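These notes concern the structure reproduced below.
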Amino acid sequence: MKLGLMASGNGTNVQAIIDAVSKQEISGQISCIVTDNPKAYVIERAKKAGIPYLLAQPKAYDNRQAWEEAIVTYLRQQGVDLVVLAGFMRIVGQPLLDAFPNSIINIHPALLPAFPGRDGIGDAYKAKVSQTGVTVHYVDEGIDTGEIIAQESLTIEADWTLDDLAAHIHDIEHDLYPKVIEQLIQNQK
Ligand code: GAR
């Protein structure tokens with residue numbers, strides 16, 4: 001199974017996947033990384049790991065459709081089977097959904113359907129809920145609405161700051177995402 005990772009920022013989840021592949025905890029390969037953000041630290045991670053990457057900024061294309069088609073072309077050239085969104089902060093549209101049916105997954109830092117959107121950690125913290133967590137799901141045309149593959153919950157302790165919560169959420173993500181990816185690979189066999 002060839003993985004195509006997509007990320008917009010720091011890329012700690014991408015790093016967890018890179019590390020799991022090198023430790024053979026994931027039995028697939030990482031074919032490439034796609035980012036929409038020239039300042040994303042994930043580019044340094046790609047370079048360091050020797051993984052090919054594409055920087056595709058929407059503004060460099062005539063329209064959204066052309067931008068997404070360029071990403072599809074690249075992912076296909078790299079032979080990608082499973083598209084793994086890891087902090088990719090843009091909505092996935094029809095070109096990608098049509099090219100990779102049931103083969104795009106995302107990680108979200110809340111217990112969907114609670115707190116979808118850009119700030120799942122902050123929204124859960126502000127809402128003062130006692131439980132939040134992490135969701136891995138298939139991507140569909142909605143925002144964080146696709147079929148749920150796995151969830152792990154977390155109790156928010158009364159004395160936690162927002163940073164404490166974020167650190168706990170990221171720890172869960174870095175453990176859960178590689179495990180779910182490997183499970184999907186095993187299910188394909
Ligand atoms: C992660 O917490 C991920 O769940 C979140 O962005 C962060 C990226 O961190 N994604 C979303 O909020 C998607 N709606 P990273 O760049 O360090 O992996």
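Scanning the range 104-138 for residues that are part of a strand (DSSP E or B) and near the ligand (Cβ under 10 Å from one of its atoms) yields ASN106, ILE107, HIS108, VAL134, THR135, VAL136.
You will find that of GLU68, GLU152, GLU141, the residue that is away from the ligand (no atom under 11 Å from the Cβ), in a strand (DSSP E or B) and either over 22 Å from ASN10 (Cβ atoms) or touching a Gly at 6+ places or on another chain (Cβ under 9 Å) (or both) is GLU152 and no other. Pairing residues of the range 86-98 that are free of Cβ contacts under 8 Å to residues at least 24 places away in the same chain with residues that are more than 10 Å from the ligand (Cβ to nearest atom) and not aromatic (Phe, Trp, Tyr), at Cβ distances under 9 Å and at least 6 apart in sequence or on separate chains, gives ASP98/VAL72.
Of all residues in the range 137-169, those satisfying the criterion of being within 18 Å of ILE91 (Cβ to Cβ) and of a type outside the set (Phe, Trp, Tyr) are HIS137, VAL139, ASP140, GLU141, GLY142, ILE143, ASP144, THR145, GLY146, GLU147.
Answer yes if at least one residue in the range 49-65 is surrounded by 12 or more Cβ atoms within 10 Å (Cβ to Cβ), touching an Asp or Glu at 6+ places or on another chain (Cβ under 7 Å), modelled with pLDDT of 95 or more and not in a helix (DSSP H, G or I), and no otherwise. Within the range 49-65, one or more residues are surrounded by 12 or more Cβ atoms within 10 Å (Cβ to Cβ), touching an Asp or Glu at 6+ places or on another chain (Cβ under 7 Å), modelled with pLDDT of 95 or more and not in a helix (DSSP H, G or I).
The values are calculated or read from the model by the stated rules, or taken from the named source; none is laboratory data. Keep in mind it's a predicted model, so treat the numbers as computed, not measured. We place every Cβ from the backbone using ideal geometry, glycine too, and count neighbours over all the protein chains shown.
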